1. Out of curiosity, is residue A:263 open to solvent by 10 Å² or more (accessible area, probe 1.4 Å) and over 30 Å from residue A:321 (Cα atoms)?
2. Does residue A:80 satisfy the condition of being within 13 Å of the ligand (Cβ to nearest atom) and open to solvent by less than 60 Å² (accessible area, probe 1.4 Å)?
3. Can you tell me which residue is nearest to residue A:186 (Cα to Cα) among those in the range A:106-115 that are in contact (Cβ under 8 Å) with a residue 60 or more places away in the chain and not charged (D, E, K, R)?
4. Check whether at least one residue in the range A:212-231 is in a helix (DSSP H, G or I) and either within 14 Å of another protein chain (Cβ to nearest Cβ) or within 16 Å of the ligand (Cβ to nearest atom) (or both), and report yes or no.
5. How about the range A:117-189: which strands (runs of 3 or more DSSP E) wholly inside it have at least 2 residues that are farther than 24 Å from residue A:366 by Cβ and of a type outside the set (Phe, Trp, Tyr)?
6. Residue A:278 - would you say it is out of contact with any Asp or Glu (no Cβ under 6 Å at 6 or more places or on another chain), over 21 Å from residue A:373 (Cα atoms), surrounded by 19 or more Cβ atoms within 10 Å (Cβ to Cβ) and in contact (Cβ under 8 Å) with a residue 40 or more places away in the chain?
7. Within the range B:307-321, identify whether any single residue is within 11 Å of another protein chain (Cβ to nearest Cβ), open to solvent by less than 30 Å² (accessible area, probe 1.4 Å) and assigned to a helix (DSSP H, G or I), and answer yes or no.
8. Is it true that residue B:155 is among the charged types (D, E, K, R), farther than 30 Å from residue B:73 by Cβ and crowded, with 16+ Cβ neighbours inside 10 Å?
Amino acid sequence: MDLRLNPTQQAFRDQVRGWLEENVPREPLPSLDTREGVEAHRAWERRLYDAGFAAVHWPAAHGGRGMDPLATAIFYEEYLRADGPARLNRLGLGLAGPTLIDLGTPDQQDRWLSKILTSEEIWCQGFSEPGAGSDLAGIRTRGEVRDDGILVNGQKIWTSHSRWADWMFALVRTDPQSSRHAGLTFLMIEMADPGVDVRPIRQLNDARDFAEVFLTDVLVPKNNVIGEIGGGWSVAMATLVHERGSGLNTAAHFHKMLAELVSMIPEESRGDTRVQEEIGWLYEHIEAYRYMTLRTLSELAQKKPPGPQGSMGKLWWSELQVRLYELGLQVLGSRAELLDGHDDGAGPPAWRQRYWLARAALIYAGSNEIQRNIIAERVLGLPKGSRRAV
Amino acid sequence: MLFDLSDDQAEFRESVRGMLGRQMTPATLRAVWDADGAGSGDLWRRLAGIGVQGMVVPEEYGGVGGSHVELALALEEIGYHGVPDPVLETAFVAASTLAQCGDQTVRDRWLPAINAGEAVVSLSLDKPALVVHGAQADAVLVRRGTQTHLLPADRAVWRPVATQDPTRRLALGEFQLDDSTLLADDAAVADRLTTAARTASAAVLVGVARRLVDMTIGYVLSREQFGQVIGSFQALKHRLADAAVLVEAARSLTWYAAYAFGHEPAAARWAARVAKSAASDAGATASAAALQLHGGIGFTWEHDLHLWLKRGQALQHAYGSATDHRVAVGARILDRDAPALAG
Ligand SMILES: Cc1cc2nc3c(=O)[nH]c(=O)nc-3n(C[C@H](O)[C@H](O)[C@H](O)COP(=O)(O)OP(=O)(O)OC[C@H]3O[C@@H](n4cnc5c(N)ncnc54)[C@H](O)[C@@H]3O)c2cc1C
């Protein structure tokens with residue numbers, strides 16, 4: 001146990017810090033809700049790529065730097081510290097890419113990886129369906145296996161970033177006789193196909209970031225299948241393992257949010273022990289997240305299986321995050337409900353947006369009830385519940 | 001940067017676990033209860049034999065000269081197995097404090113004895129001087145304000161008081177502090193003493209909470225109702241999951257607090273508060289889940305559960321409750337004049 005950076009880590013940190021200080025745009029980029037914003041972020045991603053920072057955790061052979069999980073965490077810590085722009089292609093860099101690296105053929109890797117790194121191609125995740133949410137094995141979108149490819153018909157839903165996406169990695173049912181985990185296939189769907197119809201859904205926070213995606217007679221070449229036809233479940237599970245390591249929901253990020261919250265608290269509330277206790281609670285939980293994460297990253301960096309805390313991160317950060325934004329709303333008081341243009345410019349709309357997005361995090365990436373099931377069953381060894389309606 | 005146990009640390013933890021698994025069974029603990037706290041026999045010496053009391057005693061006094069992280073690992077096992085002796089006070093608080101202050105004669109008198117398992121040193125951080133194992137201790141470290149005193153047994157009168165957990169052996173002291181008992185009049189020394197107590201008690205409490213969770217997992221896997229083991233009911237699974245998550249959080253914070261105690265003195269003070277607060281929370285949540293999930297049997301004197309429920313309750317409030325620590329940390333963060341804590 002030694003929390004000091006070793007010379008290699010230190011040199012890497014200095015290099016990252018120096019580059020970011022010189023290159024991070026001084027003005028915030030336009031919002032990702034607009035085409036203009038997407039292009040501005042794409043240009044930023046290109047600069048990261050040219051400097052070799054697009055995906056430091058990818059192997060060098062695939063355009064990364066082969067950094068271990070600890071060095072990757074150092075990169076993200078610096079990125080936050082420098083206030084780097086939001087990453088554009090999180091699902092490509094974080095999920096599609098690593099899945100291709102683990103399980104793609106060399107041809108597939110050549111086809112997609114470098115364009116993920118440059119963000120020339122943006123990705124979305126087509127897992128959830130109207131009838132298959134927490135119970136992902138309930139997928140019904142059909143894939144008819146023919147000589148010339150796989151003909152896909154069905155519907156995905158809640159597909160984030162699909163409006164701007166060029167590709168979707170998706171799970172479809174290729175064996176109509178099968179049920180549950182068997183007979184699923186993991187494949188890459190080109191969003192420009194005329195059979196792909198993206199209909200943005202207005203979210204409760206009034207953004208349109210997720211959508212329904214209707215798939216009608218979309219013919220997907222067999223080259224676009226990752227793994228075996230019918231072997232999609234295990235590929236999807238490999239993808240979800242990477243969901244843990246997306247690198248952005250770090251303790252450094254939450255410390256930054258806490259600092260912002262603290263700056264909002266007026267002088268007359270600072271002596272209130274209830275406010276003090278809540279701030280103390282938040283600080284404690286962020287610190288706990290920091291050391292639980294560091295434990296897991298250290299285990300992974302040494303190629304050890306993660307300990308019990310490795311399965312607890314999502315539950316922990318998502319719940320502390322909601323409590324953090326809730327305190328912010330409380331501080332804002334009746335101003336918290338004001339819409340853009342009607343407030344005094346001190347930021348309630350941005351804060352409230354973040355609050356609602358924090359609420360969404362309790363649902364996506366494996367709802368927190370599913371997280372508790374996983375902890376109870378896989379970590380504590382309690383019996384599996386029945387998963388099927390009877 | 002690496003935040004994981006080394007092979008040596010993991011091996012040391014195994015040796016403590018193995019020894020306590022054999023020597024400190026629930027039946028042994030019950031015998032100590034029945035004897036009103038007396039009679040943990042030669043456990044103290046056995047612990048010294050594997051290097052627990054001497055872990056942070058410098059080598060020049062015969063100690064192991066090891067780290068506070070190893071010691072925290074041992075303390076977690078001590079909580080897990082319900083060891084009734086004041087190990088945290090002697091091995092962590094007294095050994096660390098005496099290694100850093102006091103004159104040579106004081107160090108020569110106490111450090112080798114602590115290392116050898118021949119001295120028990122307890123602790124009083126505030127008034128009233130209600131001290132664990134007060135009447136049995138060979139000396140008590142006393143913090144009053146910025147002063148740290150070492151009070152040998154013959155300088156005080158200790159009146160035992162009855163408590164729900166007789167193994168705590170609390171006693172109320174009457175004594176005079178003067179120049180002859182003074183070790184240091186230095187706020188930094190006094191604060192470090194308090195920090196040591198918080199860090200070490202967090203470690204023991206993590207062990208107690210983990211034991212409560214493990215006992216409860218065992219129980220819900222064997223007890224059947226409605227034709228199935230009760231551990232298959234999701235309401236119970238989620239309660240245990242919540243307790244287990246808090247235990248792991250507190251454990252990570254405690255490892256860090258112990259590391260900081262040795263390596264990052266400026267951060268250690270806050271790390272200790274945060275760890276103790278998290279451990280108190282884990283203890284309370286584990287306690288609530290454990291008793292509830294055991295049903296009626298858990299409410300009996302005969303079942304071992306209450307031995308850990310009561311130890312946990314005592315430790316939750318000793319050396320500062322979760323509320324105390326959170327308010328202190330929050331007040332510091334909200335103080336515009338104070339430098340930032342971390343992040
Ligand atoms: C903002 C947002 C973005 C999203 N982006 C994407 C995306 O890009 N791609 C994608 O594929 N999906 C995406 N999703 C979908 C997300 O993965 C699902 O919403 C999630 O898996 C839950 O599925 P569901 O909505 O069908 O709810 P359900 O599964 O119907 O769950 C409803 C409630 O029942 C609970 N529940 C269900 N099963 C159990 C059980 N066994 N035990 C206890 N409780 C249970 C759930 O926890 C939840 O509280 C997104 C969702 C949101 C909110």
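1. Details: open to solvent by 10 Å² or more (accessible area, probe 1.4 Å): yes; over 30 Å from residue A:321 (Cα atoms): no.
Answer is no for this residue.
2. Numbers: within 13 Å of the ligand (Cβ to nearest atom): no; open to solvent by less than 60 Å² (accessible area, probe 1.4 Å): yes.
So residue A:80 does not fit the description; no.
3. A:108
4. As a first pass, look at the range A:212-231 and keep what is in a helix (DSSP H, G or I): A:222-224.
With either within 14 Å of another protein chain (Cβ to nearest Cβ) or within 16 Å of the ligand (Cβ to nearest atom) (or both) added as a condition, the list becomes none.
There is no residue in the range A:212-231 that is in a helix (DSSP H, G or I) and either within 14 Å of another protein chain (Cβ to nearest Cβ) or within 16 Å of the ligand (Cβ to nearest atom) (or both).
5. Numbers: elements: A:123-126, A:142-146, A:149-160, A:167-173.
Filter on the range A:117-189 gives A:142-146, A:149-160.
6. Values: out of contact with any Asp or Glu (no Cβ under 6 Å at 6 or more places or on another chain): yes; over 21 Å from residue A:373 (Cα atoms): yes; surrounded by 19 or more Cβ atoms within 10 Å (Cβ to Cβ): yes; in contact (Cβ under 8 Å) with a residue 40 or more places away in the chain: yes.
Taking the combined requirement at face value, the residue satisfies it.
7. No: zero hits.
8. Working: among the charged types (D, E, K, R): yes; farther than 30 Å from residue B:73 by Cβ: yes; crowded, with 16+ Cβ neighbours inside 10 Å: yes.
The answer is yes for residue B:155.
The values are calculated or read from the model by the stated rules, or taken from the named source; none is laboratory data. Bear in mind that the values here come from a model prediction, so they are computed numbers and not experimental data. Don't worry about glycine lacking a Cβ; one is built from the backbone with ideal geometry, like all the others, and counts go over all protein chains shown. Only protein heavy atoms, including side chains, enter the accessible area calculation; ligands, DNA and RNA are left aside. Shrake-Rupley method; radii C 1.70, N 1.55, O 1.52, S 1.80 Å.
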